[in-house]
Amino acid sequence: MSQLAVINIGICGLGTVGQGVWKHLARSRAALECRLGVRLRLHRASVRDLRKKRSVAVPTAKLTTDPLAVATDPAIHIVCELIGGTTVAREVTLAALRLGKTVVSANKALLCAHGPEIFAAARKHGGHFFFEASVAGGIPIIKALREGLVANRFKLIYGILNGTCNYILTRMEREGLGYAEILADAKRLGYAEADESLDVEGWDTAHKAGILAFLAHGAWVPTNKMLVEGITRITQTDLQFAREHGFAIKLLAVIARDFASGELFVRVHPTLLPAGKVLASVNEVYNGISVTGDVVGETVYIGRGAGQDATASAVISDIADAVLLLRRGNAPLPAPAGSRCPLAPPERIRSRYYLRLDVRDRPGVLAQIATATAREGVSIADMVQRPGARPGSATLLLTTHVSNERAIRATLARLKKLGSVLGAPLLLRIADF
Ligand code: NAP
Ligand code: HSE
């Protein structure tokens, strides 16, 4: 064993994920060393607060409050950036890459915002960047897209990519609780981001959708060009309607490519998914991704999408790949290069829609609503009326036949102007994949 090369690992950030990586690397080190043919050493780690109690015992001499000292330590070969955010994390990542080091990251926000800069720095200085843990927690979806499915072009990828939201929607459905109450549990369990609005407002899913779009199509899509909606307005009324009509509500990322025009559609929104679809039964913190390749057909991946252990599993897989790269030069395959890939504007999305409207319960209201939809060429497929939350009000739940985003938005604008419509209507899309 003593002649084996030593690979020193530095960990920037010992929070939920960092402690998981420390714990599982310490436990499985001997087996990994045997398979990789090197000695692995947890060399150093950085935290913000040295006094904070941690679930792993890290010798004080190995701890620092300076992540850049870890990233630039000449003895360290592999730097794990597990801090999160896009400021310190970016500095740490670029500093390590500029020294030709290998960086392993779980940071989808950073990659989505600065992907081209990160890969350019890696190329220029001979460093490498691994990011399996950035999408779908423990599911090896990056490896699947990049390696296992290399023969394919991807017409459609859709999936549940945020564990926190899926956990919240599942428990709302099963236990009848409100989302804010369950979010507190998601935070306690280490599923949620430090800024949980990234989860519940859909941005974390959008970051992951951006990474999958890059891997599948070679194009970086900024999140401000995507349609992004979160789960904060979903209520028991919506979940019950969905269940009664044969759907589950899931926060989905959809990445679709029209190979005739080249156009790419990337969007994130809560979706009524037919109960018969595999992903409709993916619950709790689990993520699920359907990938349709032109050669392989549909493939589906399910696994825990957030939390300490699932994420550590993905980070350690990257560490193993990084070791193989350092020892044998096995570099990962690059993403497909530069095909023209214009982003389709959201108005081009076609879908069936679900609308929830709170209205005054009085004669003529249904006629006004039917007129508003008819004026925009939107055809109502189904309508249910329920007692409203306020006296003299009613809740209308309706679905449409296939329409498009421009027409449904124009319909919403008309509805909002009606004196009989109370508050902002809720609009959800119905999946017809
Ligand atoms: P976390 O629990 O908040 O841990 C962050 C760590 O970074 C902590 O150790 C913290 O130090 C340190 N840190 C924070 N700000 C710092 C700063 N300005 N300077 C130096 N150190 C700083 O976060 P996490 O949940 O482990 O997530 C880490 C990354 O993994 C994020 O990019 C996240 O999106 C990603 N990720 C998380 C999960 C998950 O399930 N949690 C899953 C996949 C990917 P202290 O401990 O001293 O405060
Ligand atoms: N907050 C993220 C989630 C962590 O809930 O999915 C995993 O990326």
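The values are calculated or read from the model by the stated rules, or taken from the named source; none is laboratory data. These figures come from a predicted structure and were not determined experimentally. Note: ideal-geometry Cβ built from the backbone for every residue, glycine included; neighbour counts use all protein chains shown.
Of note:
- Taken over region 109-125, the residue count meeting the criterion of being touching a Leu at 6+ places or on another chain (Cβ under 9 Å) and under 12 Å from G210 (Cβ atoms) is 2.
- Scanning region 399-424 for residues that are within 24 Å of E244 (Cα to Cα) and crowded, with 19+ Cβ neighbours inside 10 Å yields T399, T400, S403, I408.
- Residue check: D199 meets all listed conditions (1) in contact with a Phe, Trp or Tyr (Cβ under 9 Å, 6 or more places away or on another chain); (2) more than 16 Å from ligand 1 (Cβ to nearest atom) but one, namely (2).
- Test: residue in region 392-406 that is assigned to a helix (DSSP H, G or I), of a type outside the set (D, E), outside the structural domain of R233 (by TED's automatic domain parsing) and farther than 30 Å from N152 by Cβ: yes
- The residue of region 248-283 that is surrounded by the fewest Cβ atoms within 10 Å (Cβ to Cβ), among those that are more than 20 Å from T237 (Cα to Cα), of a type in the set (G, A, S) and within 18 Å of the chain's Cα centre (by Cα), is A256.
- Taking the numbered list (1) under 30 Å from A30 (Cα atoms); (2) crowded, with 17+ Cβ neighbours inside 10 Å; (3) touching a helix residue (DSSP H, G or I) at 6+ places or on another chain (Cβ under 7 Å) in turn, P336 passes all entries but (1).
- Entirely in region 1-117, the helices (runs of 4 or more DSSP H) that have 2 or more residues that are within 16 Å of ligand 2 (Cβ to nearest atom): 16-36
- Look at region 190-219: where a residue is farther than 18 Å from N152 by Cα and a partner is more than 11 Å from ligand 2 (Cβ to nearest atom) and among the acidic types (D, E), sitting 6+ places away or on another chain with Cβ atoms under 7 Å, you get G202/E229.
- The residues on offer are A151, A113, A121, A144, and the sole one that is within 16 Å of ligand 1 (Cβ to nearest atom) and in contact (Cβ under 8 Å) with a residue 24 or more places away in the chain is A113.
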